[in-house]
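**Student:** Structure provided below as structure tokens; questions to follow.
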Amino acid sequence: MSTYRAKQVAAITDAVGAARQALRGCSPVDAARFAEIYVREGGVQIPGPEQDPGAAARIGERLLAILRGEHSDSAEPERVRGELCRIRRELAWLEYSQQEQVIGFRLLVDNAARDEPVLQPLLKSDNGLGVGVFAKYDIVVVPAELESHVRFEPVYEQELEW
């Protein structure tokens, strides 16, 4: 599996941050609007060195068409499905992060991906909220191929042992 390069992680992080900022306070959060901002800001990245300059744009266009209801997502390539999972995960993260009692999100990985080397640093990270728990305003980049194997559950203040 290819991994994102540092510039690609930064581009994804910036795009997610721009979309979150634009939609913070909106309820419910509009998936198509989030995706428009995410795609426009360069969030769709193909892991590794650029091989097909138009691939990310095509994935972004397909992603937007699906979220606007113009196409079904049932027969999409893995990369498109991964980006859809990322958008849906980010929407849930944004909605939950607007609750005052939520202080972070716990990374959960299904058994099929638990041993993936690229996930190990995330599973073991400890930023003061507990192992595998990220602050509510963090942006966590997971490879698109693993997005369907990963989810984040909200962590409420009363759950932590101070």
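The values are calculated or read from the model by the stated rules, or taken from the named source; none is laboratory data. Source: prediction; values computed, not measured. As a convention, Cβ positions derive from the backbone with ideal geometry for all residues, glycine included, and neighbour counts pool all protein chains shown.
**Student:** For Leu123, state whether it is of a type outside the set (Phe, Trp, Tyr), over 15 Å from the mean Cα position of the chain (by Cα) and farther than 20 Å from Gly43 by Cβ.
**Tutor:** Values: of a type outside the set (Phe, Trp, Tyr): yes; over 15 Å from the mean Cα position of the chain (by Cα): yes; farther than 20 Å from Gly43 by Cβ: yes.
Spelling it out, Leu123 is indeed of a type outside the set (Phe, Trp, Tyr), over 15 Å from the mean Cα position of the chain (by Cα) and farther than 20 Å from Gly43 by Cβ.
**Student:** Which residues, counting only those in the stretch 132-150, are surrounded by fewer than 17 Cβ atoms within 10 Å (Cβ to Cβ) and either closer than 15 Å to Arg114 by Cα or among the charged types (D, E, K, R) (or both)?
**Tutor:** Asp138
**Student:** Okay, moving on. Pairs please, first residue from the stretch 107-132 and of a type in the set (Ser, Thr, Tyr), second anywhere and assigned to a loop (DSSP other than H, G, I, E, B) and surrounded by 15 or more Cβ atoms within 10 Å (Cβ to Cβ), Cβ atoms under 7 Å, 6+ apart in sequence or on different chains.
**Tutor:** Sorted first by the residue in the stretch 107-132, then by its partner, the pairs are Ser125/Gly132.
**Student:** What are the residues in the stretch 34-54 that are farther than 23 Å from Gln21 by Cα and without any contact (Cβ under 8 Å) to a residue 24 or more places away in the chain, if any?
**Tutor:** As a first pass, look at the stretch 34-54 and keep what is farther than 23 Å from Gln21 by Cα: 46-54.
Hits for the stretch 34-54 are Glu50, Gln51, Asp52, Pro53, Gly54.
**Student:** In the stretch 28-55, what count of residues is obtained for those that are out of contact with any helix residue (DSSP H, G or I) (no Cβ under 9 Å at 6 or more places or on another chain) and closer than 16 Å to Pro143 by Cβ? Step through it out loud before you land on a result.
**Tutor:** At the first step, the residues of the stretch 28-55 found to be out of contact with any helix residue (DSSP H, G or I) (no Cβ under 9 Å at 6 or more places or on another chain) are 49, 51, 53-54.
Checking which are closer than 16 Å to Pro143 by Cβ leaves us with 49.
Count: 1.
**Student:** If you check Val131, Val140, Val44, Val39, which single one turns out to be at pLDDT 90 or above and either touching a strand residue (DSSP E or B) at 6+ places or on another chain (Cβ under 6 Å) or among the aromatic types (Phe, Trp, Tyr) (or both)? Before you say what the answer is, go through the steps one by one.
**Tutor:** Values: Val131 fails: either touching a strand residue (DSSP E or B) at 6+ places or on another chain (Cβ under 6 Å) or among the aromatic types (Phe, Trp, Tyr) (or both); Val44 fails: either touching a strand residue (DSSP E or B) at 6+ places or on another chain (Cβ under 6 Å) or among the aromatic types (Phe, Trp, Tyr) (or both); Val39 fails: either touching a strand residue (DSSP E or B) at 6+ places or on another chain (Cβ under 6 Å) or among the aromatic types (Phe, Trp, Tyr) (or both).
On inspection, the qualifying residue turns out to be Val140.
**Student:** Of the residues that sit in the stretch 49-84 and are closer than 15 Å to Leu146 by Cα and at pLDDT below 90, which one is farthest from the chain's Cα centre (by Cα)?
**Tutor:** Applying the filter and picking the extreme gives Pro77.
**Student:** Do we find that Arg33 is in a helix (DSSP H, G or I) and crowded, with 18+ Cβ neighbours inside 10 Å in this structure?
**Tutor:** On the way: in a helix (DSSP H, G or I): yes; crowded, with 18+ Cβ neighbours inside 10 Å: no.
So Arg33 fails the test.
**Student:** Follow-up question, since we're still on this one. Among the residues of the stretch 68-79, is any in contact (Cβ under 8 Å) with a residue 40 or more places away in the chain and either crowded, with 18+ Cβ neighbours inside 10 Å or touching a Cys at 6+ places or on another chain (Cβ under 7 Å) (or both)? Give the steps one after another, and end with the answer.
**Tutor:** Taking the stretch 68-79 and keeping what is in contact (Cβ under 8 Å) with a residue 40 or more places away in the chain, we get 78-79.
Then drop every residue that is not either crowded, with 18+ Cβ neighbours inside 10 Å or touching a Cys at 6+ places or on another chain (Cβ under 7 Å) (or both), which leaves 79.
Within the stretch 68-79, one or more residues are in contact (Cβ under 8 Å) with a residue 40 or more places away in the chain and either crowded, with 18+ Cβ neighbours inside 10 Å or touching a Cys at 6+ places or on another chain (Cβ under 7 Å) (or both).
**Student:** Kindly indicate whether Ala57 is among the hydrophobic types (A, V, I, L, M, F, W, C) and surrounded by fewer than 14 Cβ atoms within 10 Å (Cβ to Cβ).
**Tutor:** Working: among the hydrophobic types (A, V, I, L, M, F, W, C): yes; surrounded by fewer than 14 Cβ atoms within 10 Å (Cβ to Cβ): yes.
In short, yes.
**Student:** When you look at Asp115, is it part of a loop (DSSP other than H, G, I, E, B), within 15 Å of Ile12 (Cβ to Cβ) and not hydrophobic (A, V, I, L, M, F, W, C), yes or no?
**Tutor:** Answer is no for this residue.
**Student:** Look at Glu61 and say whether it is in a loop (DSSP other than H, G, I, E, B) and among the acidic types (Asp, Glu). Can you show your working first?
**Tutor:** Numbers: in a loop (DSSP other than H, G, I, E, B): no; among the acidic types (Asp, Glu): yes.
When the stated conditions are applied, Glu61 does not pass them.
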